[in-house]
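The values are calculated or read from the model by the stated rules, or taken from the named source; none is laboratory data. This structure is a prediction, so every number in the text was calculated from the model and none was measured. Cβ coordinates were reconstructed from backbone atoms using ideal geometry, including for glycine residues, and neighbour counts include every protein chain displayed. Just the protein is used for accessible areas: all its heavy atoms, side chains included, with ligands, DNA and RNA removed. Shrake-Rupley method; radii C 1.70, N 1.55, O 1.52, S 1.80 Å.
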Amino acid sequence: MKTNIERKAYRIRHRRAKEQQINPRVALILGLSLVCVWLGAMDAKAQSLEFDGLIEPTLSTNVGSNTPGILESVSVDRGDMVKEGQVVATLQAGVEKATMDLAKARAELDATIKAKRAELEYAERSKQRKKELFEKKTLSFQEWDEAETKRILAELALNEALEAKRIAELEYKRTVEVVKRMNIRSPVNGVVVERNLHPGEYIEDKPVMKLAQIDPLHVEVIMPVSTLGSVKLGMQAQVKPEAPVGGVYKAKVTIVDKVVDAASGTFGVRLELPNPDYRLPPGLKCKVLFLNP
């Protein structure tokens, strides 16, 4: 028989065991709550991914000529907008143009070809006549062979004239390309950043000007390694340029470095920022806010 003390102790232990048991429904609610809290924390973390950035041109390129010469004209200056393929400078090309005109005249000459073709036709007729006489035994083999040889020589002379004309045409095309190289063209749609040379100066190794493509723009961001994996390709972001430009612009992540800089504990991210009206100048500092996909 259990004593009253033992019975009381048993009831207390039983009650405590029941109190420690969690109702499954309550457990589910608590689990969902924890998940929501965690998702909220992750969302808050993503929403707080705002970093300093720098707006830069898509590319900067030095424009010059691989043909040494004297500058005849420069049609643009610093700050001017240029189109791809636009002539921005020219070299003196008087000799090259004269050579081109001479090559063109030679390529168009066909009097020699007409003369050689007429000689071939005459040789073929002469050969045919002498062949008929040879077959009738009224002409010696030597005379017939001489007629055949003249026909062959006339045919070769015509081929030589045709080849000479073809070479003249190719030479004309070459001189046309030489003259084209006297025109310096812009390789991009962009803006003139620097102008280094002026008309009358000699071009050899130094570029005439520096151009920058500013549509679209690149936004470069350096991020701490602790955020690795939080920014992905194609992710949208808001770019807020510094004053006095200001405003908020949409950009897209195009590059996420796969190598971390061990010394600084950072990695780079590049975004593409459309700039169709050229409102945003490169070189501005900005804030970049990465958005949830």
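Numbers for the structure displayed
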quantity: All strands (runs of 3 or more DSSP E) inside region 1-112 with 3 or more residues being modelled with pLDDT of 55 or more, small (Gly, Ala, Ser) and touching a strand residue (DSSP E or B) at 6+ places or on another chain (Cβ under 8 Å); calculated: none
quantity: Pair list, Cβ < 6 Å and 6+ apart or interchain, from region 185-205 residues that are in contact (Cβ under 8 Å) with a residue 24 or more places away in the chain to residues that are of a type in the set (D, E, K, R) and not in a loop (DSSP other than H, G, I, E, B); calculated: VAL193/LYS210; GLU194/LYS210
quantity: Filter result for ALA263 (among the aliphatic types (A, V, I, L, M) and surrounded by fewer than 18 Cβ atoms within 10 Å (Cβ to Cβ)); calculated: yes
quantity: Residues (over 13 Å from THR99 (Cα atoms) and buried (at least 17 other Cβ atoms within 10 Å of the Cβ)) located in region 166-182; calculated: MET182
quantity: Only listed residue being touching a residue at least 24 places away in the same chain (Cβ under 8 Å), out of contact with any Ser or Thr (no Cβ under 9 Å at 6 or more places or on another chain) and either open to solvent by less than 50 Å² (accessible area, probe 1.4 Å) or among the small types (Gly, Ala, Ser) (or both), chosen from GLY283, GLY229, GLY247; calculated: GLY283
quantity: Test: residue in region 257-267 that is within 29 Å of MET81 (Cβ to Cβ) and more than 26 Å from the chain's Cα centre (by Cα); calculated: no
quantity: Filter result for the condition that a residue is within 21 Å of GLY69 (Cα to Cα), more than 28 Å from the chain's Cα centre (by Cα) and at pLDDT 90 or above, over GLU201, GLU194, GLU171; calculated: GLU201
quantity: Flag if ARG129 is over 21 Å from GLU171 (Cα atoms), part of a helix (DSSP H, G or I) and open to solvent by 70 Å² or more (accessible area, probe 1.4 Å); calculated: yes
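Okay, residues lined up against (1) surrounded by 15 or more Cβ atoms within 10 Å (Cβ to Cβ); (2) under 30 Å from TYR278 (Cα atoms):
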{"site": "ILE70", "(1), (2)": "no, no"}
{"site": "VAL74", "(1), (2)": "yes, yes"}
{"site": "ALA89", "(1), (2)": "yes, yes"}
{"site": "ALA107", "(1), (2)": "yes, no"}
{"site": "THR112", "(1), (2)": "yes, no"}
